[in-house]
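Note sheet for the following structure.
The values are calculated or read from the model by the stated rules, or taken from the named source; none is laboratory data. Remember, predicted model here, so these are calculated numbers, not experimental data. FYI the Cβ positions are ideal-geometry reconstructions off the backbone, even for glycines, and counts take in every protein chain you see.
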């Protein structure tokens, strides 16, 4: 098992956002995390990369156990080097060009020399179809283009897993397709992905596993075919009925 | 205008200008450099919420913004020698002007640092960068660009405030005007002439600010 997440809990003031979330991820898995807004999906993902500190819970990554509540800075940094994160609103570095956005993590975060970093960045930007915009700034790009650059930035550090936090939710409907296509290709290449999403087609056709959350709890985790065709839980059946009526 | 007055003005202009260029401008540049350094440090400490030192920074800002520049100059130049700290007039002026303006600039920079989206920091962390590196490569450049017009304002204000250094015997542009006036007693004409020279300096600074803003532009030419 590549990733074993156990019993993640998190409260914001009096509100319980995560109430004991556990999940297993195997190498090459593409896990879609579904659920209504406010169910804690994003918080869950952010806890895994220490962007939020969980109140309790643990994560075993490649056999190494991390306490999600208290871990040293150095360990967090080491863990983050094995992972990458794609944000809902892209979070490209606004003062850097497309090329620099991808190289900065390599040179400044991983100590790679500039020439090599640029070669890697170019390769990644070609994969997402953004190699013709190297000198553009994020503000000069559409949302879909920015998100593709963000995915290239995530891939460049050669992570073992990429976390996607609603990567298409901020996009115009017409631009969603280009981002999903990149993600699908990434999945086909065997990248392990944990994707918080509202894209049912992606969850059904690209991911191999689905976790459905509500009210900070896991309602059901199942292989995606089974989740969509023969769910065990009544709540999930209701969810499937509703999305099929759309 | 009488011939005498015209003669006084044409004689005094190069003298005042000389002290403006030789003293007022270096005093402004040095004080501003000190102010910028201190302001950056104070702003970063507050932004990073460093415990303990942060309270010291708030205290410094409180004292400095809450007391007049003129009084501060007097304390440092006339007061400190009483406890054995004797500074020349020029360094006294640099220190007081610099530390005084730094308090205002620190608040400006802290504000612009906090205006940079938290997502920029998070994205930096997620590609394996450390806090200092994210600050250096990503957050500070964005914050300083936003702060540029306000910091230019501070510099222009500082250039004019250097005239206060005349009160602690720094022989600068305004002090020179006072000295000449003491000899010839033409206060209206001489002080207007001094004012004009300040105006020229400030106009040049304003022009430089506009050029600077244009050069910095905003990333990709789109305002955010």
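On the basis of being within 14 Å of another protein chain (Cβ to nearest Cβ), assigned to a helix (DSSP H, G or I) and within 15 Å of the chain's Cα centre (by Cα), does residue A:179 make the cut?
Values: within 14 Å of another protein chain (Cβ to nearest Cβ): no; assigned to a helix (DSSP H, G or I): yes; within 15 Å of the chain's Cα centre (by Cα): yes.
No: the conditions fail for residue A:179.
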- Note on the structure: Among the residues of the stretch A:61-87, the number that are closer than 18 Å to residue A:2 by Cα, facing chain B (nearest Cβ under 10 Å), touching a helix residue (DSSP H, G or I) at 6+ places or on another chain (Cβ under 7 Å) and in contact (Cβ under 8 Å) with a residue 40 or more places away in the chain is 2
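Okay, residues lined up against (1) buried (at least 21 other Cβ atoms within 10 Å of the Cβ); (2) within 10 Å of chain A (Cβ to nearest Cβ):
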| position | (1), (2) |
| --- | --- |
| B:128 | yes, yes |
| B:134 | yes, yes |
| B:140 | yes, yes |
| B:150 | no, no |
| B:159 | yes, no |
| B:169 | no, no |
- Item | Number of the exception - residue B:224 against (1) assigned to a helix (DSSP H, G or I); (2) at pLDDT below 95; (3) loosely packed, with under 15 Cβ neighbours inside 10 Å | (1)
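Among the residues of the stretch A:13-49, what is the count of those that are out of contact with any helix residue (DSSP H, G or I) (no Cβ under 8 Å at 6 or more places or on another chain) and either away from chain B (no Cβ under 14 Å) or within 17 Å of residue A:222 (Cα to Cα) (or both)? Write out each step before concluding.
Taking the stretch A:13-49 as the starting set, the residues that turn out to be out of contact with any helix residue (DSSP H, G or I) (no Cβ under 8 Å at 6 or more places or on another chain) are A:13-16, A:19-20, A:22-29, A:31, A:36-48.
Next, from what is left, pick out any that are either away from chain B (no Cβ under 14 Å) or within 17 Å of residue A:222 (Cα to Cα) (or both): A:13-16, A:19-20, A:22-29, A:31, A:36-41, A:44.
Matching residues across the stretch A:13-49 total 22.
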- Message: Quick check on this structure: which one of A:115, A:127 is touching a residue at least 40 places away in the same chain (Cβ under 8 Å), farther than 22 Å from residue A:49 by Cα and surrounded by fewer than 22 Cβ atoms within 10 Å (Cβ to Cβ)?
- Response: A:127
- Query: Take the residues of the stretch B:109-120 that are surrounded by fewer than 20 Cβ atoms within 10 Å (Cβ to Cβ) and closer than 18 Å to residue B:41 by Cβ: which is nearest to the other protein chains (Cβ to nearest Cβ)?
  - Reply: B:114
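Given the structure, is residue B:98 away from chain A (no Cβ under 14 Å), in a helix (DSSP H, G or I) and exposed (fewer than 14 other Cβ atoms within 10 Å of the Cβ)?
Against the criterion (away from chain A (no Cβ under 14 Å), in a helix (DSSP H, G or I) and exposed (fewer than 14 other Cβ atoms within 10 Å of the Cβ)), residue B:98 does not qualify.
Restricting to the stretch A:96-108, name every residue that is more than 20 Å from residue A:179 (Cα to Cα) and either buried (at least 24 other Cβ atoms within 10 Å of the Cβ) or more than 7 Å from every other protein chain (Cβ to nearest Cβ) (or both).
Within the stretch A:96-108, the subset more than 20 Å from residue A:179 (Cα to Cα) is A:96, A:100, A:103-108.
Result: A:96, A:100, A:103, A:104, A:105, A:106, A:107.
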- Query: Hey, does the stretch A:167-179 have a residue that's in contact with a strand residue (DSSP E or B) (Cβ under 7 Å, 6 or more places away or on another chain) and surrounded by 15 or more Cβ atoms within 10 Å (Cβ to Cβ)?
  - Reply: yes
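Residues of the stretch B:171-197 being closer than 12 Å to residue B:24 by Cβ and crowded, with 20+ Cβ neighbours inside 10 Å, which ones?
First, pick out the residues of the stretch B:171-197 that are closer than 12 Å to residue B:24 by Cβ: B:171-177, B:194, B:197.
Those that are closer than 12 Å to residue B:24 by Cβ and crowded, with 20+ Cβ neighbours inside 10 Å: B:172, B:173, B:174, B:175, B:176, B:177, B:194, B:197.
Take the conditions part of a helix (DSSP H, G or I) and closer than 30 Å to residue A:150 by Cα and apply them to residue B:49. Does it pass? Before the answer, list the steps.
Values: part of a helix (DSSP H, G or I): no; closer than 30 Å to residue A:150 by Cα: yes.
So residue B:49 fails the test.
Out of B:104, B:74, which single residue is more than 26 Å from residue B:151 (Cβ to Cβ) and modelled with pLDDT of 95 or more?
The conditions single out B:74.
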- Message: If residue B:90 meets every condition in (1) under 19 Å from the mean Cα position of the chain (by Cα); (2) buried (at least 19 other Cβ atoms within 10 Å of the Cβ); (3) more than 14 Å from every other protein chain (Cβ to nearest Cβ) apart from one, which number is that one?
- Response: (2)
- Item | Residues satisfying the stated conditions in the stretch A:195-246, i.e. more than 13 Å from residue A:32 (Cα to Cα), surrounded by 18 or more Cβ atoms within 10 Å (Cβ to Cβ) and touching a residue at least 24 places away in the same chain (Cβ under 8 Å) | A:214, A:216, A:219, A:236, A:239
- Message: Can you report the number of residues in the stretch A:50-60 which are more than 9 Å from every other protein chain (Cβ to nearest Cβ) and under 26 Å from residue A:101 (Cβ atoms)?
- Response: 1
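Give the number of residues within the stretch B:24-65 that are under 18 Å from residue B:90 (Cβ atoms) and buried (at least 19 other Cβ atoms within 10 Å of the Cβ). Give the steps one after another, and end with the answer.
Within the stretch B:24-65, the subset under 18 Å from residue B:90 (Cβ atoms) is B:24-35.
Of the ones still in play, those that are also buried (at least 19 other Cβ atoms within 10 Å of the Cβ) are B:24, B:27-28, B:31-32, B:35.
Here the count works out to 6.
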- Would you pick out the residues in the stretch B:175-207 that are touching a helix residue (DSSP H, G or I) at 6+ places or on another chain (Cβ under 8 Å) and over 16 Å from residue B:9 (Cα atoms)? B:201, B:202, B:205, B:206
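Tell me, which residue of the stretch A:117-168 that is farther than 26 Å from residue A:26 by Cα and part of a loop (DSSP other than H, G, I, E, B) is farthest from the other protein chains (Cβ to nearest Cβ)?
The first filter runs over the stretch A:117-168 and keeps only residues farther than 26 Å from residue A:26 by Cα, leaving A:117-123, A:125-126, A:129-146, A:149.
Checking the rest, the ones that are also part of a loop (DSSP other than H, G, I, E, B) come to A:129-130, A:134-137, A:141-142.
Details: A:129: 19, A:130: 15, A:134: 13, A:135: 10, A:136: 7, A:137: 3, A:141: 8, A:142: 12 Å.
Taking the candidates together, the pick is A:129.
Can you list the helices (runs of 4 or more DSSP H) found entirely within the stretch B:119-220 that contain at least 1 residues being within 30 Å of residue A:97 (Cβ to Cβ)? Don't jump to the end; show me each part of the working.
Details: elements: B:131-134, B:140-161, B:173-184, B:187-216.
Result: B:131-134, B:140-161, B:187-216.
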- Note on the structure: residue A:184 vs (1) buried (at least 21 other Cβ atoms within 10 Å of the Cβ); (2) closer than 21 Å to residue A:2 by Cα: all pass except (1)
